[in-house]
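The numbers here are math on the coordinates, done by the rules we state, and not lab data. Here the structure is a predicted model, which is why all the values come from computation and not from measurement. As a convention, Cβ positions derive from the backbone with ideal geometry for all residues, glycine included, and neighbour counts pool all protein chains shown.
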Amino acid sequence: MNEKTPNWAVKAPGDPLLDGVNWGGLKTLYIKEVRRFFKVQTQTVWAPAVTTLLYMVIFTIALGRGDRMVMGVPFAEFLAPGLIVMAMIQNAFANASFSLLVGKIQGTIVDYLMPPLSIGELITGLVGASVTRAFMVGGAVWLVMALWPDVDVTPVGLAWVLWFGLMGSLMLSFLGLLTSIWAEKFDHAAAVTNFVVAPLALLSGTFYSVRALPEFFQLVSHANPFFYVISGFRYGFLGVSDSPVVVGAIGLAIFNLILFAICFSVLKSGWKIKS
């Protein structure tokens, strides 16, 4: 052996050639996933902003007249943060639930499994791209809301906005990744979106304060993790919330760690991915 001996000749057969984190591979996967959705940014970033603006128009006209106040603030200002984070988490799920699923359907799943990436690096690349899309959508929606007359979307606690935006995006990215592993066709992913993600997002206090609900439905709302995302994100803009902010922040962090562990375990087992 000498200094010119290639690395593959030094390692024993079967031993990994890469030690530590494969930063080059991780960066390549992340950039590839970001470019995939950014090539159609009109559909993946700006279209959600327009859709969210329509929600704003409809609900402020239907429910916001007469200077209606919710939790001590005008209804439009109460509604805006919830719409921003709802768009973020829904797009995080949409992005994460697409990559592995389309790979299975088109027969290109090997492009994710063959590169020298560990399971943790694979999860990080896929989830990181989904979180990036979520924050791009959030920025686009925030810009639209900032241009809306008589609505102030200036954060009073930027750290809370970023934390709950990140926790919500991670949560839906992990759920989207699990969906892409489980699903065998696009109809399966659409079913999860329509019957799980959308109802939980819409029934989590986005358009109303849970304090106005009967006690039983308040308890049901507090069992919904989406509720803590929206309530905490809103707290970052308004300084008021429906839930204990610190409890929600810690609880979501723990829940995301659990989801990461589940994703890691499922990918390691090769369930529905490896023959």
Across the chain, where is the longest run that never hits GluC sites (Glu not before Pro) in a DSSP loop with at most 13 other C-beta atoms within 10 Å?
4-183
How much length is gained if the chain between residue 154 and residue 185 is pulled fully straight, taking 0.36 nm per residue apart and subtracting their Cα-Cα distance, in nm to one decimal?
7.0 nm
Mind computing the radius of gyration and Dmax over the alpha-carbon atoms of region 152-275? Å is fine for both.
16.2, 53
Structure shown: which of 32/268; 185/272; 104/274; 104/185 lie over 18 Å apart, alpha-carbon to alpha-carbon?
32/268
For region 239-275 and region 102-177, what is the centre-to-centre distance using only Cα atoms, to the nearest Å?
14
Over the Cα atoms of region 29-269, Rg to Rh with Kirkwood Rh, two decimal places?
0.98
Picking from 260, 120, 52, whose Cα lies most toward the positive end of the charge dipole for the chain (charges on Cβ: Lys, Arg +1; Asp, Glu -1)?
120
With +1 on each Lys and Arg Cβ and -1 on each Asp and Glu Cβ, how big is the dipole of region 29-269 about its Cα centre, in debye rounded to the nearest 20?
420
How much length, in nm to one decimal, is gained on full extension between residue 196 and residue 43, taken as 0.36 nm per residue of separation minus their Cα-Cα distance?
52.8 nm
Order these by the 10 Å Cβ neighbour count, fewest first: 130, 209.
209, 130
What's the longest bit of the chain with no exposed trypsin sites (Lys or Arg not before Pro), using DSSP loop states and at most 13 other Cβ atoms within 10 Å as the test?
69-184
By average C-beta atoms within 10 angstrom, highest first, the peptides 108-119, 156-167:
156-167, 108-119
Could you give me the ³J(HN,Hα) list for region 31-40, computed from phi with Karplus coefficients 6.51, -1.76, 1.60 and θ = phi - 60°, whole Hz, x at Gly and Pro?
5, 4, 5, 5, 5, 4, 7, 6, 4, 10
